[in-house]
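Read through the structure below, which is laid out as structure tokens, and then see the notes.
Please treat every number below as a calculation from the coordinates, not as lab data. What you see is a predicted model; the values in this text were computed from it and never measured. FYI the Cβ positions are ideal-geometry reconstructions off the backbone, even for glycines, and counts take in every protein chain you see.
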Amino acid sequence: MSFLLVPNLISLVVPAFNEQENLPVLVERLRAVMSTLSDPATDRPVAYEILIVDDGSTDRTKAVLRQLSMRYNEVRFISFSRNFGHQVALRAGYEHARGICAISLDADLQHPPELIPTLVKKWREGFDVVYTVRHQDPNLPWKKRFTSRNFYRLLRAASDLELEDGAADFRLLDRKVLNVLKQHQENDLFVRGMISWMGFRQCRIEYEPAARFAGTTKYSFKKMLQLAMMGITSFSTKPLYISVVVGLCMALFSSLFGLEVLYEYFFTNATVSGWTTLVLLVVLIGGVQFIVIGIMGVYLGKTFIEVKRRPPYIIGDSSEIEEIIQWQVP
Ligand code: UDP
Ligand code: MG
């Protein structure tokens, strides 16, 4: 799909899944913040668009979006045919943004819109990526804190990505970066990792996350785990090497153990006993083999998915009818 780029337009990209209560409030807050920003060239208020990606919501999100887009010229939306996941929604937002930069933020107001002028300021100073890192909020439930911290730890250990604790999907990307992102054909695009991998001039900003305005988190433990797996397998084949090392260690251990048993059999009078040892070893080696085969299977499965070249998402509806028509005409 090709879109006209609009000079000096700032795009705000918001993935939303079942956020009917949050969206009207979010749009008001964004409008208020954006009206305080002015274009340095003309000294007039900046032009902006709010592009909301409805990730196959099952509540009234789409109806709310339709109303908002009719009421405000700045509001556009894309609606997926089903739930494709947050990372995919974010990607679709970046791909359809028309601005010279895009700022992504969550629909639940946890990413304070009031920080946008700071992001824009840094971008005008010449940074291509302005990313944010959240302070660890002590009021967060321990479960969320635990999963979040270990999510990044696991990612760093199992891949070679330099991801900071609490790196959020609240960031500003320059058009240059958006264009590079657009060129990626892979189905499983882990945006957070891709941005750290791409380089460019990056700037870091810390922020205090707010509480979710309404509704509950859409990131279940299962989705977090899937995201971690996707992050690892998209960026590194380290798990494959780790399984080679584990295999080597086990082979070494079993050779030494075998030597000892042979020695006992031939050179001592002791009968070699060891039913328990035998069972334990069989079970242990069997387990390790399954893990190693599983890891290989995960990579093979990913290759299978990527080779099929399916579109990463399907747009079912949008504020501009031509987007659907373009999608249907190959
Ligand atoms: N989200 C989405 N698709 C999903 C899950 C989440 O588009 O399958 C959106 C959600 O509407 C929100 C953002 O991603 O705007 C972050 O989700 P959430 O706030 O539930 O995650 P948390 O802040 O709890 O990590
Ligand atoms: Mg949230």
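Roughly how many debye, to the nearest 20, is the charge dipole of the chain about its Cα centre, given +1 on each Lys and Arg Cβ, -1 on each Asp and Glu Cβ, and no other charges? All intermediate terms of the calculation are to be shown ahead of the outcome.
Numbers: 37 positive and 34 negative charges, 28 e Å.
Rounded to the nearest 20 debye, it is 140 debye.
Residue 310 to residue 240: FRET efficiency via 1/(1 + (r/R0)^6), r the Cβ-Cβ distance, R0 30 Å, to the nearest 0.05? Could the numbers behind the result be given before it?
Details: r = 25 Å, r/R0 = 0.83.
The formula returns an efficiency of 0.75 here.
Counting every Cα pair in segment 5-101, what percent are over 21 Å apart? Write out the running numbers ahead of the final one.
Working: 1459 of 4656 pairs.
The share of Cα pairs beyond 21 Å in segment 5-101 comes to 31 percent.
How far is it, in nm, from the label point at residue 8 to the one at residue 300 when both lie 7 Å from their Cα along the line to the Cβ?
Placing both labels 7 Å along Cα→Cβ, they lie 5.8 nm apart.
Using 0.36 nm per residue, how much length does the chain from residue 220 to residue 124 gain when fully extended, once their Cα-Cα distance is taken away?
On the way: separation 96, 0.36 × 96 = 34.56 nm, distance 3.68 nm.
30.9 nm is the gain from fully extending residue 220 to residue 124.
Show me the ranking of peptides 234-244, 206-216, 106-116 by mean Cβ neighbours inside 10 Å, starting with the highest.
Working: 234-244: 15.3, 206-216: 13.6, 106-116: 20.9.
Answer by packing, highest mean first, reads 106-116, 234-244, 206-216.
Rounded to the nearest 5, what % of DSSP beta bridges with both residues in segment 10-219 are antiparallel?
30 percent
If we restrict to alpha carbons, what Rg and Dmax does the chain come to, in Å?
Computed over the Cα atoms of the chain, radius of gyration and Dmax are 25.2, 97 Å.
About its Cα centre, how strong a charge dipole does segment 134-240 have in debye, to the nearest 20, once Lys and Arg get +1 and Asp and Glu get -1 at the Cβ?
Its charge dipole is roughly 260 debye.
Pairs of alpha-carbon atoms within less than 8 angstrom and 6+ residues apart define the contacts here; what relative contact order does the chain have, in percent?
21 percent
Can you give the translational diffusion coefficient of segment 150-193 in µm²/s, computed by Stokes-Einstein from the Kirkwood radius over Cα pairs at 37 °C and 0.692 mPa s? Provide the component values of the computation, followed by the final result.
Details: Rh = 12.1 Å.
Approximately 272 µm²/s, per Stokes-Einstein.
Compare the Cα positions of 275, 131, 189 along the charge dipole of the chain (+1 at Cβ of Lys, Arg; -1 at Cβ of Asp, Glu; about the Cα centre) and return the one farthest towards the positive end.
Most positive-ward Cα: 189.
So what's the gap between the Cα centers of segment 71-135 and segment 209-277, to the nearest angstrom?
Each part's Cα centre sits 39 Å from the other's.
Evaluate E = 1/(1 + (r/R0)^6) for residue 156 and residue 81, where r is the Cβ-Cβ distance and R0 equals 35 Å; express this FRET efficiency to the nearest 0.05.
Between residue 156 and residue 81 the formula returns 0.50.
For residue 106, which sequence-distant residues (separation of 5 or more, or a different chain) have an amide H within less than 5 Å of its own amide H, given hydrogens modelled in the peptide plane?
111
Read phi for every residue in segment 37-53 and hand back ³J(HN,Hα) as whole Hz from Karplus 6.51 cos²θ - 1.76 cosθ + 1.60, θ = phi - 60°, with x for Gly and Pro.
Coupling constants for segment 37-53: 8, 10, 7, x, 6, 9, 6, 9, x, 5, 8, 8, 10, 10, 9, 9, 9 Hz.
Where in the chain are the helices, taken as whole DSSP H runs, whose Cα atoms extend 24 angstrom or more along the long axis and whose Kyte-Doolittle mean reaches at least 1.0? Present the calculation step by step, with values, prior to reporting the outcome.
Working: long enough: 238-267 (43 Å, 1.40); 275-308 (49 Å, 1.69).
Both cut-offs are met by 238-267, 275-308.
Once you charge only the Cβ atoms, +1 for Lys and Arg and -1 for Asp and Glu, what is the size of the charge dipole of segment 1-136 about its Cα centre, to the nearest 20 debye? Walk me through the numbers on the way to the answer.
On the way: 15 positive and 16 negative charges, 37 e Å.
Using Cβ point charges on Lys, Arg, Asp and Glu, segment 1-136 gives about 180 debye.
How far apart, in nm, are the 7 Å Cα→Cβ label points at residue 73 and residue 149?
Inter-label distance under the simple model: 5.0 nm.
Using 0.36 nm per residue of separation minus the Cα-Cα distance, give me the extension gain between residue 32 and residue 293 in nm, one decimal.
On the way: separation 261, 0.36 × 261 = 93.96 nm, distance 5.42 nm.
Net length gain for the segment: 88.5 nm.
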